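Student: Attaching a single structure in structure tokens format; questions to follow.
The values are calculated or read from the model by the stated rules, or taken from the named source; none is laboratory data. In this text, all values refer to a predicted model and were calculated from it rather than measured experimentally. In this analysis, Cβ positions are derived from the backbone assuming ideal geometry, glycine residues included, and neighbour counts consider all displayed protein chains. With ligands, DNA and RNA removed, areas are computed over all heavy atoms of the protein, side chains included. Shrake-Rupley method; radii C 1.70, N 1.55, O 1.52, S 1.80 Å.
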Amino acid sequence: MDDDLGTLPQKGDFSAWYNDILWRAEIMDVRYPVKGLYVWYPYGFAIRKHVYARLRTLLDRDHEETLFPLLIPEQEFMKEAEHIKGFEDEVYWVTHGGTTPLDVKLALRPTSETAIYPMYALWLRSHADLPMKYYQIVNTFRYETKQTRPLIRLREITSFMESHTVHATWDEAEAQVEYELALSREFYDGLCIPIIISKRPDWDKFPGADYTMAIDAIMPNGKTLQIGTVHHLGEHFSKTFSITFEDKNGEQKLGSQTCYGISERCIAALISMHGDDKGLILPPVTAPVQAVIVPITIGKRHEDVLAAAEKLKNDLTAAGFRVKIDTRDMRPGAKYYWWELRGVPLRLELGPRDLDAGKVMAVKRTGEKTQIELATVTDEVTRVLGEITAAIHTRAEEHTQSHLCTVASLDTLVAALNEGKVAVVSWCQHKGCGDVIEEKTNASILGTNARSQYVSATDSVCIVCGKPGKATLVGRTY
RNA sequence: GGGGUAGUAGGGUAGCCUGGUCCAUCCUAGAGCGUUUGGGACGCUUUGACGGCGGUUCGAAUCCGCCCUACCCCA
């Protein structure tokens, strides 16, 4: 049993594990014949559905959902100079309608600022319209030249949540940035994914932003994955697109804006953070199947057991759980492995022995078997799923904590990175010293103002020049 | 950005230089039948492929051209 765990590579070989699990667990099919475009299998899409339902619920507290067109006319796209510079090499252009060349080329949105903001200019009239907080969940296209990777580096981002807000003042927009960071923290907390927040260095901020706050997670191999960004756009775009309002004194003022994005990388993080050598481990809130019932049907008791399993399923479904019953003609062991690969949090084994005892065997995907009473099964399942969530959470926090450290010199920084860690150092924020750090370590400066509950981040002197510096995250990135 | 290697069934490979129907082969792959079922069962039968388009040829997985895709290395 322990000498052959199938052909899923060990999680220690993270890259191979990741690629393999995507198709074995039926999340993404990479065989679509266009580079950088991948197909969601129904099971993967079901995970996406639950994850994005959570995201929508959080956003809907304070934002409204909208939908803007995919195509952006060239002249709008080309309005904001910095923005163009950031994206022009990655834009797909629609140049023809049928066989007729178009007078105005149309960009497939790489992000939607230039689609949304001309409309915001029309919608915004008065200070009473503020703040405006809208979001959409859409696909976007970027002609990536680097190696593409399912869910991580795509030419079609299929699940891009972008929120765009307008405020009366820069300070209010800043408060919105903080609000959205808090919202992200809550979102990722629900997925049991520990995050680190930092302020990206100037050279790495969103094209057209005053500043960019980024959300990173530490993958199993110690590389960081950016899984969210919140940008303070200031007045860059409102100037360009004339997003103005009449204030209380009757004066025309520019709005101050933010935008905020989360993509299917959140699902890459979900898969990577929690999975193990046997496959996926899904936190119950994200699991398409929260509990699977495996009836153990032997000989004559076949009908009894099946009937009991049906009843169990109906009881749990009525209580709001997502439950499947596996009656396939396979050996129980084979079913166990099959569902474990797919990350189902809880397995309920029901056989003649259990039936006689009025119990059911509950096996957590995180390990550990317990017998629970059939009489109180819905309460028990609630409790056990809660324990599973807690276990997943704790494990992820331990991983993150153990991959973070604070160092005070270049040499110790290099050593820490080579151990697969992400480090906090002090840096003066000058490009020159930043270049030294990145070259010496072959890593990236993720950002300053590092915020994490998993490592202390206090400002000290720059590890390169010795001048006053800020707590800065350095790591190898995806 | 520069260079290299490759694409054969669900997955993994051989065959290619030296064209000859290719019965190619392995698997935890598919279909069917039967026996099974408390941690990956087994037997029998069977299906299925040469990345795409075009060319050369009596004949192409094999040779030529273009395209697509993937992987690796270097900057």
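Student: Report the residue count in the stretch A:342-381 for those that are of a type outside the set (S, T, N, Q) and open to solvent by 30 Å² or more (accessible area, probe 1.4 Å).
Tutor: Number satisfying all stated conditions: 14.
Student: Follow-up. Go through the stretch A:320-427 and tell me which helices (runs of 4 or more DSSP H), entirely inside it, have 2 or more residues that are touching a helix residue (DSSP H, G or I) at 6+ places or on another chain (Cβ under 9 Å) and within 16 Å of RNA strand B (Cβ to nearest atom).
Tutor: In the stretch A:320-427, A:352-357, A:377-402 are the helices (runs of 4 or more DSSP H) which contain 2 or more residues that are touching a helix residue (DSSP H, G or I) at 6+ places or on another chain (Cβ under 9 Å) and within 16 Å of RNA strand B (Cβ to nearest atom).
Student: What single numbered condition from (1) at pLDDT 95 or above; (2) not in a strand (DSSP E or B) fails to hold for residue A:166?
Tutor: (2)
Student: Please enumerate the residues belonging to the stretch A:33-53 that are within 19 Å of residue A:161 (Cβ to Cβ) and surrounded by 16 or more Cβ atoms within 10 Å (Cβ to Cβ).
Tutor: Taking the stretch A:33-53 first, the residues within 19 Å of residue A:161 (Cβ to Cβ) are A:38, A:40, A:44-53.
Those that are within 19 Å of residue A:161 (Cβ to Cβ) and surrounded by 16 or more Cβ atoms within 10 Å (Cβ to Cβ): A:38, A:40, A:44, A:45, A:46, A:47, A:48, A:50, A:51, A:52.
Student: Considering the stretch A:361-402 alone, what residues qualify as being more than 30 Å from residue A:456 (Cβ to Cβ) and out of contact with any strand residue (DSSP E or B) (no Cβ under 8 Å at 6 or more places or on another chain)?
Tutor: Listed by number, the residues that qualify are A:367, A:368, A:375, A:376, A:378, A:379, A:382, A:383, A:386.
Student: Further question on the same structure: Being open to solvent by 10 Å² or more (accessible area, probe 1.4 Å) and out of contact with any strand residue (DSSP E or B) (no Cβ under 7 Å at 6 or more places or on another chain) is the filter; apply it to the stretch A:242-269 and report the residue that is nearest to residue A:210 (Cα to Cα).
Tutor: Top of the filtered list is A:242.
Student: Which residue, of A:73, A:110, is modelled with pLDDT of 90 or more and touching a helix residue (DSSP H, G or I) at 6+ places or on another chain (Cβ under 6 Å)?
Tutor: The unique qualifying residue is A:110.
Student: A further question on this structure: Which residues, taken from the stretch A:86-126, are among the polar types (S, T, N, Q) and within 15 Å of residue A:69 (Cα to Cα)?
Tutor: Within the stretch A:86-126, the first condition is being among the polar types (S, T, N, Q), and the residues that meet it are A:95, A:99-100, A:111-112, A:114, A:126.
Answer for the stretch A:86-126, where residues must be among the polar types (S, T, N, Q) and within 15 Å of residue A:69 (Cα to Cα): A:111, A:112, A:114.
Student: Looking only at strands (runs of 3 or more DSSP E) that lie completely in the stretch A:242-296, which have at least 1 residues being more than 14 Å from the chain's Cα centre (by Cα) and more than 16 Å from RNA strand B (Cβ to nearest atom)? Quick ask: steps written out before the conclusion?
Tutor: Values: elements: A:244-246, A:252-254, A:256-262, A:291-295.
By residue number, A:244-246, A:252-254, A:256-262.
Student: Report every pair of residues separated by at least 6 positions or lying on different chains whose Cβ atoms are under 8 Å apart, first residue within the stretch A:85-100 and touching a residue at least 40 places away in the same chain (Cβ under 8 Å), second part of a helix (DSSP H, G or I).
Tutor: A:91/A:77
Student: Can you pull out the helices (runs of 4 or more DSSP H) entirely within the stretch A:1-93 that have at least 1 residues that are away from RNA strand B (no atom under 12 Å from the Cβ), in contact with a Leu (Cβ under 9 Å, 6 or more places away or on another chain) and among the acidic types (Asp, Glu)?
Tutor: Once the helices (runs of 4 or more DSSP H) in the stretch A:1-93 are filtered for at least 1 residues that are away from RNA strand B (no atom under 12 Å from the Cβ), in contact with a Leu (Cβ under 9 Å, 6 or more places away or on another chain) and among the acidic types (Asp, Glu), what remains is A:74-77.
Residue by residue, here is whether (1) touching a residue at least 60 places away in the same chain (Cβ under 8 Å); (2) more than 29 Å from residue A:193 (Cβ to Cβ); (3) open to solvent by 70 Å² or more (accessible area, probe 1.4 Å); (4) touching a Ser or Thr at 6+ places or on another chain (Cβ under 8 Å) holds:
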residue	(1), (2), (3), (4)
A:409	no, yes, no, no
A:412	no, no, no, no
A:416	no, no, no, no
A:420	yes, no, no, no
A:432	no, yes, no, no
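Student: Something else: Inspect all residues belonging to the stretch A:466-473 and state whether any of them is under 20 Å from residue A:205 (Cβ atoms), open to solvent by 10 Å² or more (accessible area, probe 1.4 Å), hydroxyl-bearing (Ser, Thr, Tyr) and not in a loop (DSSP other than H, G, I, E, B).
Tutor: No, the conditions are met nowhere in the stretch A:466-473.
Student: Out of the residues in the stretch A:54-79 that are open to solvent by less than 30 Å² (accessible area, probe 1.4 Å) and in contact with an Asp or Glu (Cβ under 8 Å, 6 or more places away or on another chain), state the one that is nearest to residue A:237 (Cα to Cα). Quick ask: steps written out before the conclusion?
Tutor: First, pick out the residues of the stretch A:54-79 that are open to solvent by less than 30 Å² (accessible area, probe 1.4 Å): A:55, A:58-59, A:63, A:68, A:72, A:77.
Then drop every residue that is not in contact with an Asp or Glu (Cβ under 8 Å, 6 or more places away or on another chain), which leaves A:58-59.
On the way: A:58: 26, A:59: 23 Å.
Taking the candidates together, the pick is A:59.
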